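Here is the structure we will look at, set down as structure tokens.
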Amino acid sequence: MYKILTKRTLGPGIREYVIEAPDIARVGKAGQFIVLRLHEKGERIPLTIVNVDPETGGVTLVIQEVGKSTREMGEQFHEGDSILDFAGPLGEATEIENYGTVVCVGGGVGIAPLYPIVRALKAAGNTVIGIIGYRSRDLMFYEEEFASSCDELIIMTNDGSYGKQGFVSDPLKQILESGRKIDRVWSIGPAIMMKVCADITRPFAVPTIVSLNSVMIDGTGMCGGCRVNVGGVAKFACVDGPEFDGHQVDFDLLMLRQGYYHDEESCSMDAYMAKQAEGVEK
Amino acid sequence: MIHAKQTPMREQPAAERVHNFNEVPLGYSPDEAVQEAERCLQCPHEPCVKGCPVGIDIPKFIEHVKNREFGQAISVIKTDNSLPAVCGRVCPQENQCQGVCTLAGRFEPVAIGRLERFCADWEAENETRYANIEPDTGKRIAVIGAGPAGLTVAGEMRRRGHSVTIFELLHVAGGVLMYGIPEFRLPKHIVQREISALCEMGVEVKVNKVIGRTQTVQDLLDGDYDSVFIGTGAGLPRFLGVPGESLNGVFSANEFLTRTNLMKAYRFPEYDTPIKVGKRVVTVGGGNVAMDSSRTALRLGAKESFIVYRRSEDELPARGEEVHHAKEEGIQFQLLTNPIEFIGENGNLRAIRCIKMELGEPDDSGRRRPVPIEGSEFEIEAETVVIAIGNGPHPLIPQSTPNLDLNRWGSIVADPETGLTSIPGVYAGGDIVTGAATVIEAMGAGKRAAVAMHAFLAEK
């Protein structure tokens with residue numbers, strides 16, 4: 001069992017957890033992920049590491065309640081509770097170097113795993129331009145964290161309720177078109193956002209790293225469910241990634257594969273909601 | 001007067017069992033076991049013992065069964081085999097102990113596997129017999145991977161008085177016995193029963209441990225452990241490398257079986273992990289994993305389940321009993337056939353383009369090489385395909401252990417007699433060394449490694 005050291009609500013349906021897992025906290029790096037399972041009937045959920053603290057043994061994660069399991073976690077698992085299984089660190093760490101000037105683009109809950117990369121890049125001596133985007137102001141989190149780690153920070157909201165109105169890809173494009181020398185781009189968020197960012201940077205030949213969250217079971221190279229097409233070759237996101245060269249990724253295929261269990265996810269959510277309603281009636 | 005035929009074992013009827021995940025063969029009653037035991041000739045030269053990868057004293061345990069001394073029978077088995085309930089169910093006995101039985105040929109061989117299973121199940125229902133444990137030696141060993149090889153090493157080393165810790169990557173111990181072999185062939189509570197018995201002997205099992213990341217093999221040797229055994233298996237699924245293989249509906253057998261067995265997707269949505277199965281399912285491959293996948297597909301609701309295999313029936317690598325059960329259940333065998341393309345519609349699999357094969361000259365394996373027949377392409381419509389053409393070595397330990405010698409397939413190089421690797425004090429066995437093989441061969445490797453590790457620790 002792995003204890004929940006702290007739980008913080010960052011916005012509607014967005015929670016930050018710190019889970020006690022000292023051996024992972026000792027060695028986990030930016031870009032890597034863990035797999036957790038809430039209880040005996042739970043699924044294995046891969047989540048990218050947001051922070052590790054070797055002192056307290058805490059591993060920080062941010063979840064967005066999009067499916068049954070994340071919703072159950074957010075609603076039912078509180079500070080002081082324990083979750084059944086927690087394994088990692090899995091996947092390859094981000095390649096951190098002093099590249100020069102880098103742009104780190106994050107969208108939605110993808111902003112959370114981008115944060116440790118931003119910090120590591122800054123610590124390595126890069127000039128870091130952050131672009132983070134949310135659907136609207138009430139879903140914002142980690143603004144201060146990014147502001148204190150980035151040399152420049154641009155905040156976008158789709159509805160214009162905070163920062164500039166538009167998508168994260170808009171300022172990315174402007175920066176590149178301005179002729180400013182950008183040495184590398186990270187883009188983490190929904191698949192469609194990563195695809196658009198990669199399409200923007202391609203003509204400028206700026207290396208662009210994306211972090212793929214494909215469907216997986218074990219997270220250790222055994223199921224092959226997470227396979228993605230990168231440069232025409234099938235790669236496993238869990239062991240070959242999760243970070244890949246965004247210019248080589250077949251995002252359309254990734255999105256098709258991400259949607260394969262859509263009906264089952266709805267069914268699972270309905271069953272959970274019905275069970276909750278039943279509990280309330282009692 | 002010896003009965004020519006084996007005492008039959010009752011089974012769930014095929015028409016019924018394709019709709020559930022309950023075990024197919026139902027086991028012997030004590031009377032049936034005694035009746036079968038009476039067929040044993042007690043040959044002095046004991047060919048069966050030589051045919052057993054872990055060398056169980058088969059005539060001796062069968063003699064006990066014949067005398068209704070079931071407790072003594074299981075004690076004899078457990079002297080050489082830490083997982084009898086598993087082996088009695090999944091060993092390919094026809095190629096091992098039963099294949100060399102003196103009765104075989106003229107009559108049916110003694111049903112040794114069924115008797116082993118009977119003894120193990122009898123023990124579970126009656127009294128637990130523990131292996132004798134030697135006094136504590138003060139030595140500590142680490143076992144990486146809780147599959148058949150690792151569990152065997154753990155049991156053998158604990159018996160010799162060493163302290164044993166198993167590190168398992170997944171959330172339960174058992175390896176392929178838990179994620180791979182289906183419930184209807186090897187009920188998971190039986191696997192857990194065998195593992196509990198090891199824990200009761202004092203073996204410590206730590207799950208969710210990613211050795212190679214949180215600690216390396218060298219860290220274990222530099223830290224608390226005097227010796228390390230690597231039994232991390234062949235977990236990396238192979239794909240065919242043909243167009244369309246990333247379409248939705250194309251699974252590796254590992255994924256298909258792991259979702260179903262380990263994550264219990266057949267009980268979705270009670271369990272959170274889903275699985276999708278079309279009306280027509282094609283499994284590519286001819287081994288036990290292919291049989292397991294095709295039979296699992298029926299139980300998950302497929303109307304038709306096909307095996308596509310590139311050689312002929314004679315070359316099917318699966319156990320005879322598995323092929324027999326599959327046929328009984330209505331699995332359709334499309335032999336001398338190979339997929340060349342997966343055809344999709346909106347990202348989902350719709351059909352498999354295949355080509356007919358014929359057998360040519362023998363290849364390196366001594367089997368006749370399948371050769372495509374030009375112009376014989378045809379399509380099989382299917383919404384689901386399961387690729388069961390084998391697995392490569394699990395990469396985590398090989399990649400994270402710099403001094404470990406590997407062969408050209410990435411498997412660990414280990415002495416076949418001792419399991420010793422290129423690193424002193426580090427042993428390996430099972431599929432991580434041999435490539436995908438059988439449960440009992442992995443257990444045999446574990447047993448030999450334990451003998452060598454024990455000798456190494458005595459000198460240390």
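Quick one: is A:THR48 away from chain B (no Cβ under 14 Å) and within 16 Å of the chain's Cα centre (by Cα)? Can you show your working first?
Values: away from chain B (no Cβ under 14 Å): yes; within 16 Å of the chain's Cα centre (by Cα): yes.
Criteria met by A:THR48.
With the requirement that a residue be within 14 Å of another protein chain (Cβ to nearest Cβ) and at pLDDT 95 or above, what does the stretch A:236-251 give you?
Selection gives A:VAL249, A:ASP250, A:PHE251.
When the residues of the stretch A:84-111 are narrowed to those that are within 11 Å of chain B (Cβ to nearest Cβ) and touching a strand residue (DSSP E or B) at 6+ places or on another chain (Cβ under 6 Å), which ends up surrounded by the fewest Cβ atoms within 10 Å (Cβ to Cβ)?
Of the residues in the stretch A:84-111, the ones within 11 Å of chain B (Cβ to nearest Cβ) are A:84-93.
Among the residues that remain, those that are also touching a strand residue (DSSP E or B) at 6+ places or on another chain (Cβ under 6 Å) are: A:84-88, A:90-91.
Values: A:LEU84: 16, A:ASP85: 21, A:PHE86: 22, A:ALA87: 26, A:GLY88: 26, A:LEU90: 26, A:GLY91: 27.
Once the filter is applied, the top-ranked residue is A:LEU84.
With the requirement that a residue be within 30 Å of B:ASP219 (Cα to Cα) and of a type in the set (S, T, N, Q), what does the stretch B:353-402 give you?
To start, the set of residues in the stretch B:353-402 that are within 30 Å of B:ASP219 (Cα to Cα) comprises B:391-402.
Passing the criteria: B:ASN391, B:GLN399, B:SER400, B:THR401.
Look through the stretch A:207-235, keep the residues that are over 22 Å from B:GLY390 (Cβ atoms) and in contact (Cβ under 8 Å) with a residue 60 or more places away in the chain, and return whichever of them is nearest to the other protein chains (Cβ to nearest Cβ).
A:ASN213
Output the residues belonging to the stretch B:239-289 that are within 17 Å of A:VAL228 (Cα to Cα) and of a type in the set (A, V, I, L, M, F, W, C).
Matches in the stretch B:239-289: B:PHE239, B:LEU240, B:VAL242, B:LEU247, B:VAL250, B:PHE251.
State which residue is surrounded by the fewest Cβ atoms within 10 Å (Cβ to Cβ) when the search covers only the stretch B:196-217 and only residues that are within 14 Å of another protein chain (Cβ to nearest Cβ) and over 19 Å from A:TYR2 (Cα atoms). Reasoning before the result, please.
The first filter runs over the stretch B:196-217 and keeps only residues within 14 Å of another protein chain (Cβ to nearest Cβ), leaving B:205-216.
Those left that are additionally over 19 Å from A:TYR2 (Cα atoms): B:212, B:216.
Working: B:GLY212: 23, B:THR216: 15.
Looking at the filtered set, the residue picked out is B:THR216.
On the given criteria, is B:THR165 part of a strand (DSSP E or B) and away from every other protein chain (no Cβ under 11 Å)?
Details: part of a strand (DSSP E or B): yes; away from every other protein chain (no Cβ under 11 Å): yes.
Yes, satisfied.
Of all residues in the stretch A:216-252, how many are of a type outside the set (S, T, N, Q) and surrounded by fewer than 18 Cβ atoms within 10 Å (Cβ to Cβ)? Spell out how you get there, then give the answer.
Here is the first cut: in the stretch A:216-252, the residues of a type outside the set (S, T, N, Q) are A:216-219, A:221-228, A:230-247, A:249-252.
From what's left, surrounded by fewer than 18 Cβ atoms within 10 Å (Cβ to Cβ): A:231-234, A:245, A:247, A:250, A:252.
Residues in the stretch A:216-252 being of a type outside the set (S, T, N, Q) and surrounded by fewer than 18 Cβ atoms within 10 Å (Cβ to Cβ): 8 in total.
Given the options B:VAL100, B:VAL54, name the one that is outside the structural domain of B:ARG185 (by TED's automatic domain parsing), closer than 30 Å to B:VAL176 by Cα, in a loop (DSSP other than H, G, I, E, B) and touching a Pro at 6+ places or on another chain (Cβ under 7 Å).
On the way: B:VAL54 fails: touching a Pro at 6+ places or on another chain (Cβ under 7 Å).
From the options B:VAL100, B:VAL54, the qualifying one is B:VAL100.
Residue check, B:SER227 against (1) free of Cβ contacts under 8 Å to residues at least 60 places away in the same chain; (2) over 14 Å from B:LEU396 (Cβ atoms); (3) hydroxyl-bearing (Ser, Thr, Tyr), all met but one. Which one?
Unmet for B:SER227, out of (1) free of Cβ contacts under 8 Å to residues at least 60 places away in the same chain; (2) over 14 Å from B:LEU396 (Cβ atoms); (3) hydroxyl-bearing (Ser, Thr, Tyr): (1).
Residue-by-condition table, conditions (1) charged (D, E, K, R); (2) under 22 Å from A:PRO190 (Cβ atoms):
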site: A:ASP85; (1), (2): yes, no
site: A:GLY108; (1), (2): no, yes
site: A:PRO113; (1), (2): no, yes
site: A:ARG137; (1), (2): yes, yes
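Just the residues that are over 18 Å from the mean Cα position of the chain (by Cα) and in contact (Cβ under 8 Å) with a residue 40 or more places away in the chain, please, taken from the stretch A:28-42.
Step one: filter the stretch A:28-42 for residues over 18 Å from the mean Cα position of the chain (by Cα), giving A:38-42.
Result: A:LEU38, A:HIS39, A:GLU40, A:GLY42.
From (1) assigned to a loop (DSSP other than H, G, I, E, B); (2) more than 27 Å from B:HIS394 (Cα to Cα); (3) among the hydrophobic types (A, V, I, L, M, F, W, C), pick out the condition that doesn't hold for A:LEU256.
(1)
Taking B:LEU349 and the conditions (1) touching a Lys or Arg at 6+ places or on another chain (Cβ under 9 Å); (2) under 30 Å from B:PHE21 (Cα atoms); (3) assigned to a strand (DSSP E or B); (4) aliphatic (A, V, I, L, M), which numbered condition does it fall short on, given that it satisfies the others?
Failing condition for B:LEU349: (1).
Would you kindly identify the strands (runs of 3 or more DSSP E) lying entirely within the stretch B:356-460 that contain at least 2 residues that are touching a residue at least 12 places away in the same chain (Cβ under 8 Å) and surrounded by fewer than 19 Cβ atoms within 10 Å (Cβ to Cβ)?
Details: elements: B:368-372, B:378-381, B:384-387, B:426-428.
Counting at least 2 such residues, we get B:368-372, B:378-381.
Which of the residues belonging to the stretch B:168-195 are more than 11 Å from every other protein chain (Cβ to nearest Cβ) and within 21 Å of B:ILE211 (Cα to Cα)?
To start, the set of residues in the stretch B:168-195 that are more than 11 Å from every other protein chain (Cβ to nearest Cβ) comprises B:173-174, B:177-178, B:181-195.
Scanning the stretch B:168-195 gives B:ALA173, B:GLY174, B:LEU177, B:MET178, B:ILE195.
State yes or no: is A:ILE155 away from chain B (no Cβ under 14 Å) and in a strand (DSSP E or B)? Walk me through it before giving the result.
Values: away from chain B (no Cβ under 14 Å): yes; in a strand (DSSP E or B): yes.
Yes; evaluated as a whole, the condition is true for this residue.
The rows are residues; the columns are (1) modelled with pLDDT under 95; (2) over 21 Å from B:TRP122 (Cβ atoms); (3) of a type in the set (Phe, Trp, Tyr); (4) surrounded by 15 or more Cβ atoms within 10 Å (Cβ to Cβ).
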{"site": "B:GLU16", "(1), (2), (3), (4)": "yes, yes, no, no"}
{"site": "B:PRO44", "(1), (2), (3), (4)": "yes, yes, no, no"}
{"site": "B:GLY55", "(1), (2), (3), (4)": "yes, yes, no, yes"}
{"site": "B:ASN67", "(1), (2), (3), (4)": "no, no, no, no"}
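Within the stretch B:69-89, how many residues are without any contact (Cβ under 8 Å) to a residue 24 or more places away in the chain and either in a helix (DSSP H, G or I) or surrounded by 24 or more Cβ atoms within 10 Å (Cβ to Cβ) (or both)?
Number satisfying all stated conditions: 2.
Output the number of the condition that B:ARG310 fails; it satisfies all remaining conditions of (1) more than 30 Å from A:MET255 (Cα to Cα); (2) among the basic types (Lys, Arg); (3) out of contact with any Gly (no Cβ under 9 Å at 6 or more places or on another chain); (4) surrounded by 18 or more Cβ atoms within 10 Å (Cβ to Cβ).
(3)
Does the stretch B:281-300 include one or more residues that are under 27 Å from A:PHE251 (Cβ atoms) and either away from chain A (no Cβ under 11 Å) or in contact with a strand residue (DSSP E or B) (Cβ under 8 Å, 6 or more places away or on another chain) (or both)?
Within the stretch B:281-300 (the criterion being under 27 Å from A:PHE251 (Cβ atoms) and either away from chain A (no Cβ under 11 Å) or in contact with a strand residue (DSSP E or B) (Cβ under 8 Å, 6 or more places away or on another chain) (or both)), the answer is no, since none of the residues qualifies.
Would you please name the residue that is surrounded by the fewest Cβ atoms within 10 Å (Cβ to Cβ), looking only at residues in the stretch A:167-205 that are in contact with a helix residue (DSSP H, G or I) (Cβ under 7 Å, 6 or more places away or on another chain) and not in a helix (DSSP H, G or I)?
Only one residue fits best here, namely A:PRO190.
The values are calculated or read from the model by the stated rules, or taken from the named source; none is laboratory data. As the structure is a computational prediction, the values presented were derived from the model and not from experiment. So basically every Cβ, Gly included, is an ideal-geometry build from the backbone, and we count neighbours across all protein chains shown.
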